[in-house]
Amino acid sequence: MVMTVMGMMIILITVMGMMVILMMGMTVIDNNEENNDDKKKKEEVKEKDDNKNYAHVHRVTVFETLAPLPTPLKDTQCIAYKNEIIMCGGRNNRNCYSYHTIKNKYKLICEYPFKESGHCVVKLVNNDNCKNANEMTLLSFGGYPKHTLVMKYISVWKNEDRQKQSLIDYNIWKPLMDSHNNEISIGKKEDDYYKVRAVIGGRNRNLLFITHFKNYIDVFDLNTFQFIKHDTLPSDCIHSQCFVSKSENMMLLFCWKLGLSIEYDEINNTFQYQELHVSKNIGTLCAYVYTYINDLILFFGGKYGGFANEIYQYSIIDNQWSKFKKRLPLTLKNCVGILNDDNKFIHVVGIYKDTDTYIGHLLNQAIPKHIKISTSELLENKKQWIMEKELLQIEQLYHEFEDMDKIDISFK
C-alpha cells in the first residue's frame, strides 16, 4: 500500500515536471515569436526612418532653406556679386539687402526713395575693371511707379570699404544723369514697364534690350542714353516673361505658349525672330523663376493665378524640354532666381506656400523664404529628368485608363 502511494506520488511529480517543462518550452516559443515580431517591427521602423533620412538628406542636398529673410521680398530683383546676393526692393518694400553666401546672413544696404514693384535691376558693365574691381554699378528702372535710378555698390561686409561707404556716392539710389547733369528716364510716358524684363548685350556691352507689355522690344544705348530701336514681337501679349541673353546679340523669350529666339543685327539695326517649340506642360505657366546655365534654361514653379512646384528644363542646343522627377519642397510664384558667381547654386527669393508645415494660422498661407538649389545635383544626373516624349506617353496612358473606366463592361 505504501509502495503504491509512493509510486503514485512519483508518477504525479514526474507528470507535473513534464508539464512545467512543456509550459516553459511553449513560453520560450512564444517569446521567440514575440521577439521575432518585435524584430520585424523594429526593422520596418528602421527602414522607414532610413528612407525618411535619405529623402531628407537628398532634399537638403538639392534644395536647402537658408536664413529667414529680414522682410518679405515679393517680386524682388537680385544681382550676384562675389560672395553676395544683392536683393533690391520688392512689392511695397523699399529695402535693399546684401546676403552673404558664406556667412548666411543679411545686411541692409539702403532704401528706395519710394515703394515700387514690377521693376528691373541689371548690372552695368564696368569698362575700367582694374581700377574699380571692388565696386559695381546697378541700374534700376521701370516698374510702378516708373523710375530710372543707379547705385554704385561697394560691399557692406568689408571693413576696408567702410570709409568709402560714408561717401554719398556709394550704396544709395540716385537718378541716372548724363554728362551734362541732365536726368535720364528710360521709357516713354505711355510705355507700360510693369514687370519689364531686360538684358545687356551688344558687341561693346552697351545695349540694353528691353521687353515689356504688351508685345514690345526696345533697344537703349547706355553710352548715348538714347533709344535706337523699337519693335513689335510676333505675339499678342507678354507678361512676367522669361527673357535671357545667350550671346551678345542673341536672346530667348518664353511666355505661356510663346517661345522666341531673337537675334539683333547691330549694323542694320534690325531684329529677326524664330519660333521655338514650347512644351505643353510649361505652356500654361507664367510668373515662374527662371535662370540660364550651360545652354539650358531652368524653370521653377510659377502658374497663372496660383502656385506650383514643378521644375522644367529647356535645352537650347537640342530644342528639347524635360521635367525633373522630384518637386520643389515648396510651391512658389512671383519669386526671382539668380546664379551665384561660381554657378554652383541657384538662389530663389520670394513668396512660397509650404503645404507640409503648420505654423499657427499660417497653414497654406504665403510665406517669405530664401532657398538655394545645387546645380550639380540638379543637372549632373540625367536619370532624374523625364523627357517630353516620355511625359506625353505617360499622359496618353493616363487618358487611356480614364477612357477604360468609362467603358460599360456589365453583362445583361
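The values are calculated or read from the model by the stated rules, or taken from the named source; none is laboratory data. Keep in mind that what you see is a predicted model, and the values were worked out from it rather than measured. Glycine also receives a Cβ, built like all others from the backbone with ideal geometry; neighbour counts cover every protein chain displayed. We work out accessible area using only protein heavy atoms, side chains counted, and drop any ligands, DNA or RNA first. Shrake-Rupley method; radii C 1.70, N 1.55, O 1.52, S 1.80 Å.
Table for the structure above
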{"item": "The one condition in (1) at pLDDT 95 or above; (2) touching a Cys at 6+ places or on another chain (Cβ under 9 Å); (3) charged (D, E, K, R) that residue 74 fails to fulfil", "result": "(1)"}
{"item": "Residue count for segment 199-231, restricted to those that are of a type in the set (D, E, K, R) and not in a strand (DSSP E or B)", "result": "3"}
{"item": "Selection count where residues are part of a strand (DSSP E or B) and either open to solvent by 80 Å² or more (accessible area, probe 1.4 Å) or β-branched (Val, Ile, Thr) (or both), scope segment 232-242", "result": "1"}
{"item": "Residue count, segment 263-280 (criterion: touching a helix residue (DSSP H, G or I) at 6+ places or on another chain (Cβ under 7 Å) and open to solvent by 50 Å² or more (accessible area, probe 1.4 Å))", "result": "0"}
{"item": "Meets criteria (in contact with an Asp or Glu (Cβ under 8 Å, 6 or more places away or on another chain), closer than 27 Å to residue 387 by Cβ and either open to solvent by 60 Å² or more (accessible area, probe 1.4 Å) or not acidic (Asp, Glu) (or both)) for residue 260", "result": "yes"}
{"item": "Test result for residue 254, more than 18 Å from residue 142 (Cα to Cα), in a strand (DSSP E or B) and in contact with a helix residue (DSSP H, G or I) (Cβ under 9 Å, 6 or more places away or on another chain)", "result": "yes"}
{"item": "Qualifying residue in segment 183-198 (condition: in a strand (DSSP E or B), closer than 17 Å to residue 124 by Cβ, touching a His at 6+ places or on another chain (Cβ under 8 Å) and of a type outside the set (Phe, Trp, Tyr))", "result": "yes"}
{"item": "In segment 281-319, the residues that are buried (at least 16 other Cβ atoms within 10 Å of the Cβ) and closer than 14 Å to residue 352 by Cα", "result": "287, 288, 289, 300, 301, 302, 303, 307, 308, 309, 310"}
{"item": "Test for residue 271: is it farther than 22 Å from residue 380 by Cβ and either free of Cβ contacts under 8 Å to residues at least 60 places away in the same chain or in a strand (DSSP E or B) (or both)", "result": "yes"}
{"item": "Selection status of residue 290, in contact with a helix residue (DSSP H, G or I) (Cβ under 6 Å, 6 or more places away or on another chain), assigned to a strand (DSSP E or B) and aromatic (Phe, Trp, Tyr)", "result": "no"}
{"item": "Hey, residue 235 out of contact with any Phe, Trp or Tyr (no Cβ under 7 Å at 6 or more places or on another chain) and in contact (Cβ under 8 Å) with a residue 40 or more places away in the chain or not", "result": "no"}
{"item": "Out of 259, 302, sole residue that is of a type in the set (Gly, Ala, Ser) and either within 30 Å of residue 180 (Cβ to Cβ) or over 14 Å from the mean Cα position of the chain (by Cα) (or both)", "result": "259"}
{"item": "Among residues of segment 77-118, those that are among the polar types (S, T, N, Q), assigned to a loop (DSSP other than H, G, I, E, B) and at pLDDT 95 or above, counted", "result": "3"}
{"item": "Pair list, Cβ < 8 Å and 6+ apart or interchain, from segment 162-186 residues that are among the polar types (S, T, N, Q) to residues that are part of a strand (DSSP E or B) and modelled with pLDDT of 85 or more", "result": "165/154; 171/109; 171/110; 171/151; 171/152; 171/153; 171/154; 185/148"}
{"item": "Residue in segment 195-216 that is nearest to residue 249 (Cα to Cα), counting only those that are surrounded by fewer than 17 Cβ atoms within 10 Å (Cβ to Cβ) and either charged (D, E, K, R) or touching a residue at least 40 places away in the same chain (Cβ under 8 Å) (or both)", "result": "203"}
